[in-house]
1. Mind checking which residues of segment 264-288 are under 14 Å from Ala251 (Cβ atoms) and of a type in the set (Val, Ile, Thr)?
2. Can you name the residue in segment 254-285 that is hydrophobic (A, V, I, L, M, F, W, C) and more than 19 Å from the chain's Cα centre (by Cα) and, of all such residues, is surrounded by the most Cβ atoms within 10 Å (Cβ to Cβ)?
3. Look at Glu142 and say whether it is acidic (Asp, Glu), modelled with pLDDT under 95, closer than 30 Å to Val200 by Cα and in contact with a helix residue (DSSP H, G or I) (Cβ under 8 Å, 6 or more places away or on another chain).
4. Is it fair to say Ala312 is among the small types (Gly, Ala, Ser) and without any contact (Cβ under 8 Å) to a residue 12 or more places away in the chain?
5. Which fully enclosed helices (runs of 4 or more DSSP H) of segment 360-457 have 2 or more residues being basic (Lys, Arg)?
6. Can you find a residue in segment 178-193 that is in contact (Cβ under 8 Å) with a residue 12 or more places away in the chain, hydrophobic (A, V, I, L, M, F, W, C) and assigned to a helix (DSSP H, G or I)?
7. Determine whether Thr230 is more than 23 Å from the chain's Cα centre (by Cα), of a type in the set (Val, Ile, Thr) and assigned to a helix (DSSP H, G or I).
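The values are calculated or read from the model by the stated rules, or taken from the named source; none is laboratory data. As the structure is a computational prediction, the values presented were derived from the model and not from experiment. Please note: Cβ atoms are built from the backbone with ideal geometry, for glycine as well, and neighbour counts cover all protein chains shown.
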Amino acid sequence: MKKIWILLAVLSLFSCKKEVKKDYSVVSGKITDKLSDSITLYNSGRTYTKTITLKNDGSFVDTLKIEEGHYWLNDGENKIPLYIKNGDDVQIKYNVNSFEKTFKITGKGSKISEYLSQKHKIEQKIIAKGTAVYLLNENNYEAVFHKEKDKLITLITNFKGISQSFKDREKRNIEYAYFNYINRYQRYHEHYAKLPDFKVSEHFLDDLKDIIYSDEGDFKFSKAYRTLVTNFYSEQASVLAKKDSISESLAFLKVSSDIPTKIIKNNLLFNDAKYGITYTENLEEYYKSFMEASTNKKQKEEITKSYNKLKALSEGQPSPKFKNYENYNGETTSLEDLKGKYVYIDVWATWCGPCKAEIPFLKTIEKKYHNKNITFVSISVDKVKDHNKWLKMVKEKEMKGYQLFADNNWNSDFVKNYLIFGIPRFILIDPKGNIVNSNAPRPSDDRLEQLFKSLKI
């Protein structure tokens, strides 16, 4: 009997030492010839971002409490794809100056990230083709991406050390990415081949007909699937916008509100509203539609914060200020300096295609109203490293009016106070410094001159 009690005690001791499941992961490593004193970890949608400090020798270690999924680690030059889940202990080592030869990722949970790095190399070869791939005829275009898909399927199928459940999800993810390339071909070929009436052949999009747009598991796992779902409902919103003569942003909210799966519905609503609410021309209706449709308390609270800030940007409210922004002549300009006239502000950047497309129209409007009661201001949100690029573009495109360089790009107080998340963005301020329209029509929009005429500018 005594021996039995001793045996039970020993078994009890061993059971007490059973490993506790970790609710965190660890990422560590060493970067030789580091470019800065920190690296950045973020997810694909940049809803999560964390700065990790590097020691003098380039080593680092950080404990993470984050959702399982795909992330990127960026040192300023190299982007490293990672898949992180609780319990992982991943070590990363490489030399910045010879990344391809020296990169190594090891440790518990590192196999998926190792696979993603190899996948990234295959995808980069497609990206290296640039826009030329969209000039191909549809058969050759499809062949390029079908070949890439086959390579990726082979890679994940034969990769050792990865669970079958992950492989199955990843294979679907690869298929979804392929479908996205097929889905975009008509729009991209039309643009780059300069064929405004181009249409794909009758059966080119047949594969997309079998996609089910309500799989919450794939929605969480696959960025490619999320893109397909978003595009599917965006197309429905475009149809509704034309049918009911409403804005596409409001139509998207209405379409998304009918999605039966809660996670997909709330995600689409929130992702659209984060930016859509800053562009809408009917703030009250937009906000009401979002609040009625969403069932996510935290997301509703965040959109409510934006709504309250935007109410402070309504017509007649004092405009947020910018002070001592560098102008093209090397001096400084503040908003206060421009009082006494209407001020039409263009927030732009040298890398922004839609911004550059507006420049000819802006020059035409500026010339027409040159001696009127209005001042034209362009504020660049380029980074400091692109300062010379800004100067060069202003000169080459002969941009007129006040050409200013924001003091801290996207983090400038003026930009943040106006809740500017996308550019180009146009703002009209009256001679007293009060807001006329915080989301004014673009120069290419006929409504801009109608607005100017209504104000007797």
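1. Thr280
2. Val255
3. No: the conditions fail for Glu142.
4. Yes; evaluated as a whole, the condition is true for this residue.
5. It comes to 387-396, 447-454.
6. yes
7. When the stated conditions are applied, Thr230 does not pass them.
Residue-by-condition table, conditions (1) at pLDDT 95 or above; (2) within 18 Å of Ile423 (Cα to Cα); (3) crowded, with 18+ Cβ neighbours inside 10 Å; (4) touching a Cys at 6+ places or on another chain (Cβ under 9 Å):
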{"residue": "Asn308", "(1), (2), (3), (4)": "no, no, no, no"}
{"residue": "Gly330", "(1), (2), (3), (4)": "no, no, no, no"}
{"residue": "Leu335", "(1), (2), (3), (4)": "yes, no, yes, no"}
{"residue": "Lys341", "(1), (2), (3), (4)": "yes, no, no, no"}
{"residue": "Asp346", "(1), (2), (3), (4)": "yes, yes, yes, yes"}
{"residue": "Gly353", "(1), (2), (3), (4)": "no, yes, no, no"}
{"residue": "Glu358", "(1), (2), (3), (4)": "yes, yes, yes, no"}
{"residue": "Leu362", "(1), (2), (3), (4)": "yes, yes, yes, no"}
{"residue": "Glu366", "(1), (2), (3), (4)": "yes, no, yes, no"}
